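J.: The structure that follows is given in the form of structure tokens.
What follows draws every value from the coordinates through simple rules; no lab data is involved. Model, not experiment: these values are computed from the prediction. Cβ sites come from the backbone with ideal geometry, for glycine too, and all protein chains shown count toward neighbours.
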Amino acid sequence: MPIIKHSSRALVGNNDRIGVREIVDKKDGAAYLKLTEVIMDPGSEYKLHTHPTEQVVTVLGGSIQMVLDGEVQTLRRGYTFLAPAGVTHALVNNTWVSARMLIIDAAQDVETSFI
């Protein structure tokens, strides 16, 4: 059972001002689950999409707007959200500070279908 120091994993950014750090996956011995840290800079957006498996998002810092099946909710530090399999959702950071989240996926190779 590995102990993983999050900062030992690379934070990979993209052009959409979203940083991703894969913390736990098959290389660590996980059979099914995947744990990812996501940092969304102010003004960034993860557009409407679905997954064929469940996904759990926990906000560790800042806040985000979560769009789930057309309903908008604000999630702040200490809130957790469950995206059921196949349900359309999006994440938007419309604040002035970065939002930091942990995302748990129920599959190693998560398929994302953008709407």
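J.: Choose one of I104, S7, I64: the residue whose Cα lies farthest towards the positive end of the charge dipole of the chain (beta-carbon charges +1 Lys, Arg; -1 Asp, Glu; about the Cα centre).
T.: S7
J.: Given H placed on each backbone N at 1.01 Å, which residues far from A30 in sequence or on other chains put an amide H within less than 5 Å of it?
T.: For A30, whose amide H was placed from the backbone, the distant partners under 5 Å are D25.
J.: Go ahead and collect, in residue order, the members of segment 36-59 whose backbone nitrogen is under 19 Å from a label point 7 Å along the Cα-Cβ direction of R77.
T.: It comes to 37-43, 57-59, nothing else.
J.: Right, something else. What nm value, rounded to one decimal, do you get for the distance between W96 and D28 when each label is placed 7 Å out toward the C-beta?
T.: About 3.5 nm separates the two model spin labels.
J.: Around T50, what is the net charge, scoring Lys/Arg as +1 and Asp/Glu as -1 over all other residues with Cβ under 12 Å from its Cβ?
T.: Cβ neighbours under 12 Å give a net charge of -2.
J.: Scanning the chain for chymotrypsin sites (Phe, Trp or Tyr not before Pro) in DSSP loops with at most 12 other Cβ atoms within 10 Å, what's the longest stretch left with none?
T.: My reading of the result: 33-95 is the longest stretch.
J.: What's the magnitude of the charge dipole for the chain around its Cα centre, counting Lys and Arg as +1 and Asp and Glu as -1 at the beta-carbon? Answer in Debye, nearest 20.
T.: 440 debye
J.: For a quick size check, give me the Cα extents of the chain along its three principal axes, largest first, whole Å.
T.: Rounded to whole Å, the extents work out to 38, 29, 27 Å.
J.: Within 10 Å, count the other beta carbons around each residue, average over each peptide in 57-65, 3-11, and list them highest first.
T.: Put in order of decreasing packing, that is 57-65, 3-11.
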